[in-house]
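One structure is given here, and the rest of the page talks about it.
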């Protein structure tokens, strides 16, 4: 293999595939990045068998070929090279690669390309295309709600539910649930549970549109020159639609930024998950927290409250995550009673955040 | 509200006088006091005693048993060989805790800065109170006599300018001794001591020191701190300071009675271990039930679950996992414990499990609120509470999990695991402060 590529492009592409390189070394070959030079493209690919990322960039290919490079080293080398063309020349007999740029020359031992797992075959059963910025926003709004606890694998993913008129994305860790709806005309209806990591990585790559295809075992994200394939999480996602209360006793509307800053400030004294209390009385909204041994915090903010007065407590982090997902000017908090789930939403439609309270004894 | 920073009141800076109290052969002394036939005889306190049972270790040995070479930690089968005539009694932790609470109560007559260090050890900062009694030693004598008079128990007391010296001093004169080492007497007072007796020197450090030809603390004092640091890192610095009697650790007073740090139960399953994992899991379920029941009755929720397992003749390991939210729900904690066992099953099957222990830590008060769950964990919590009420009223065996039904009988012969006993055990009592 002999190829010539711009340092900045090569470094950027390496950064993208790096995310799929395995940290665990049960299979040493997976600590490498597969590099392929064909016609006028340099394609990089990495996988940890959960997620696979492939990306390609234009390059001058003088001799076609494939090699596997140690991921950490190649990323580090290219990142530190001067901004100029980088020349890659492999020596198949000695299993080495020479990297040359201006005055620098590196000789790197390579791994055997035949040992590297093939990039997964991608077959479409159902696909949909949406604006990347809509996708990114949806991921940002729901991803924090996915569980980090591996003991219930299903909840570590987000449910993508494709209906005729819209796409729903749902994530929950069983203490809060984020539901995002995006209008979209789709030809078929289907659903899949995608590991949150794949969504996260896909949202970090810049492009205009994203095409997602779902097959029974995998999801594929097409982002311009980059393709991400993720396995799906098997199992039945909990039925969430029935969880949303239909009638509310109290509705609180307040400026989202003001509420968020107040909650952030007060939450400084909600250490060790001690509850953050929300109190409405005669049109005022009070937020307070107290941690034994440390102290307490109180804040009152302007809000429009309708219905019964209420005192309810939430985990501060869950409330902040919900508020961060709200894009409109106002945040609306709908409550039934101190032991029923509350719903947080914005005056923009499409995002609902269900939040379980903390029971105070 | 309690103030976390009040502990700084007793912080180093100026000269301090710290008293360390260590009860003499605590559990055994309490039993000898309460049951007169045991007086003056070798008595061993064990975790659940059964006449034919050789499992487990001695938790406390009376002074009469010590000449036979038995001390806390001696396996029971070995103790039986060393002293066939010894008496055995099953530990009663509620009783010991009750006594500790009384000792703590008495200690408050001598200082308001009391740190409960373990079930039978206290630290008192007597910097500002010793002059009321004339001298630190006079205070110690009064304290010693009051415990003797009111509880009929003896103790050993060490006094020093910091916690380390106080604790070391207490070891000088055991049992029934009072030792005072003032700052002026340091570091000479430590010099003749064997290096192995220095606080922080464990089995391995002892070997390392011996390899360097260091037998006494005095020899250790002569080594340069740079050398010790280079050789053992942070531990080297600790060792250097300890040899000179330097210790800046603050006394952490427990104002309204300290809370527990964790709840834990464990069961020894015999030296050969149990290879049938179903049995091990059932024992674990019994232990988990016991832990959760105690947490519920004391109104605590735990966030971190630790599983400790011994593989016969191979090793001990422990693994922990933190939950997203603190809980006292038995089924949730049991599931976490099983997850922690995952991946070790093959080894466990091969070698046999000789010890299984579960502990629930990172505690918070249930009164601080309980995070509700979307999918209705509340129901599980209600079930646990209902079961607790039945047990409180009709006894531990009135209601048990179906999977443990008949388990007791079926495995009694094979492994001598008694679930009822296991779930009442309090083997990690040290974690549970007064």
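What to note about this one:
- Checked against the criterion of being within 12 Å of chain A (Cβ to nearest Cβ), surrounded by 21 or more Cβ atoms within 10 Å (Cβ to Cβ) and on the phi > 0 side of the Ramachandran plot, the candidates B:369, B:376 yield just one match: B:369.
- In region A:311-361, counting only strands (runs of 3 or more DSSP E) that sit wholly within it, the ones holding 2 or more residues that are under 19 Å from the mean Cα position of the chain (by Cα) and in contact (Cβ under 8 Å) with a residue 24 or more places away in the chain span A:351-355.
- Considering only residues in region B:133-188 that are at positive phi and in contact with a helix residue (DSSP H, G or I) (Cβ under 9 Å, 6 or more places away or on another chain), the one that is modelled with the lowest pLDDT turns out to be B:176.
- Restricting A:221, A:248 to those that are over 20 Å from residue A:131 (Cβ atoms) and outside the structural domain of residue A:41 (by TED's automatic domain parsing) reduces the list to A:248.
- Summed over region A:63-76, the residues that are surrounded by 19 or more Cβ atoms within 10 Å (Cβ to Cβ) and part of a helix (DSSP H, G or I) give a count of 3.
- Here the strands (runs of 3 or more DSSP E) wholly within region A:133-202 that include at least 3 residues being within 30 Å of residue A:313 (Cα to Cα) are A:157-162, A:166-172, A:176-183.
- For residue A:122: the one exception among (1) surrounded by fewer than 21 Cβ atoms within 10 Å (Cβ to Cβ); (2) out of contact with any helix residue (DSSP H, G or I) (no Cβ under 7 Å at 6 or more places or on another chain); (3) within 14 Å of chain B (Cβ to nearest Cβ); (4) in contact (Cβ under 8 Å) with a residue 24 or more places away in the chain: (3)
- Taken over region A:141-176, the residue count meeting the criterion of being more than 14 Å from chain B (Cβ to nearest Cβ) and in contact with a helix residue (DSSP H, G or I) (Cβ under 7 Å, 6 or more places away or on another chain) is 4.
- Residues that are within 24 Å of residue B:374 (Cα to Cα) and without any contact (Cβ under 8 Å) to a residue 24 or more places away in the chain within region A:156-198 comprise just one, A:168.
- Taken together, the residues in region A:1-44 that are over 19 Å from residue A:224 (Cβ atoms), out of contact with any strand residue (DSSP E or B) (no Cβ under 6 Å at 6 or more places or on another chain) and either at pLDDT 95 or above or assigned to a strand (DSSP E or B) (or both) amount to 0.
- Elements of type strands (runs of 3 or more DSSP E) in region A:212-308, at least 1 residues being touching a helix residue (DSSP H, G or I) at 6+ places or on another chain (Cβ under 7 Å) and buried (at least 19 other Cβ atoms within 10 Å of the Cβ): A:218-223, A:226-231, A:276-281, A:284-291
- Only helices (runs of 4 or more DSSP H) whose full extent lies in region B:322-434 are considered here, and the ones with at least 2 residues that are over 27 Å from residue A:149 (Cβ atoms) and at pLDDT 85 or above are B:345-351, B:377-394.
- Output for region A:3-33, where each listed residue is surrounded by fewer than 16 Cβ atoms within 10 Å (Cβ to Cβ), over 21 Å from residue A:89 (Cα atoms) and without any contact (Cβ under 8 Å) to a residue 60 or more places away in the chain: A:23, A:24, A:25, A:26, A:27
- Taking region B:341-363 as the range and being crowded, with 21+ Cβ neighbours inside 10 Å and within 11 Å of another protein chain (Cβ to nearest Cβ) as the test, only B:363 passes.
The values are calculated or read from the model by the stated rules, or taken from the named source; none is laboratory data. Just so you know, these numbers come straight off a predicted model, no measurement behind them. Methodologically, a virtual Cβ is constructed for each residue, glycine included, from the backbone with ideal geometry; neighbour enumeration extends over all protein chains shown.
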